[in-house]
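Data block below; observations after.
The values are calculated or read from the model by the stated rules, or taken from the named source; none is laboratory data. Here the structure is a predicted model, which is why all the values come from computation and not from measurement. Here the Cβ positions follow ideal geometry from the backbone for every residue, glycine too, while neighbour counts run over all protein chains shown.
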Amino acid sequence: MKVNGDRTEKKVLQDGDIVTIGKRVFTIQFEEAGRPSDLEEFADEVAAIFQQSLLEKAGLVHPPRNSTGRKSKSLANPLKPQENIEFGEDEDD
């Protein structure tokens, strides 16, 4: 992503900024409701917003996989083991 021709991962946008994503170009247009100095009050909140991905915020992130990249299979049998059944010798022998 580029903002005003400069590659960036995050940036607070201002009125008139030009955002380029791939081949798409967007011009940001809005009327500021407050003073630019008002943004300084919220600098910590803005920084915190970018610390977590949208998937994390939505609770859609899967837990990390083990080092081999495969899901580990439990060796424990979740079913209760059955009793050993002994079979008698066949009478036909």
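For region 81-88, state whether one or more residues are at pLDDT below 65 and among the acidic types (Asp, Glu).
Within region 81-88 (the criterion being at pLDDT below 65 and among the acidic types (Asp, Glu)), the answer is yes, since at least one residue qualifies.
Of these, 19, 46, which one is surrounded by 10 or more Cβ atoms within 10 Å (Cβ to Cβ), of a type in the set (A, V, I, L, M) and at pLDDT below 85?
46
Cβ-Cβ distance below 6 Å, separation of 6 or more or different chains: which pairs start in region 1-25 with a residue that is farther than 19 Å from residue 40 by Cβ and end on one that is in a loop (DSSP other than H, G, I, E, B) and among the aliphatic types (A, V, I, L, M)?
Filtered contacts from region 1-25: 21/1.
In region 1-28, how many residues are in contact with a helix residue (DSSP H, G or I) (Cβ under 9 Å, 6 or more places away or on another chain) and among the polar types (S, T, N, Q)?
Selection size over region 1-28: 0.
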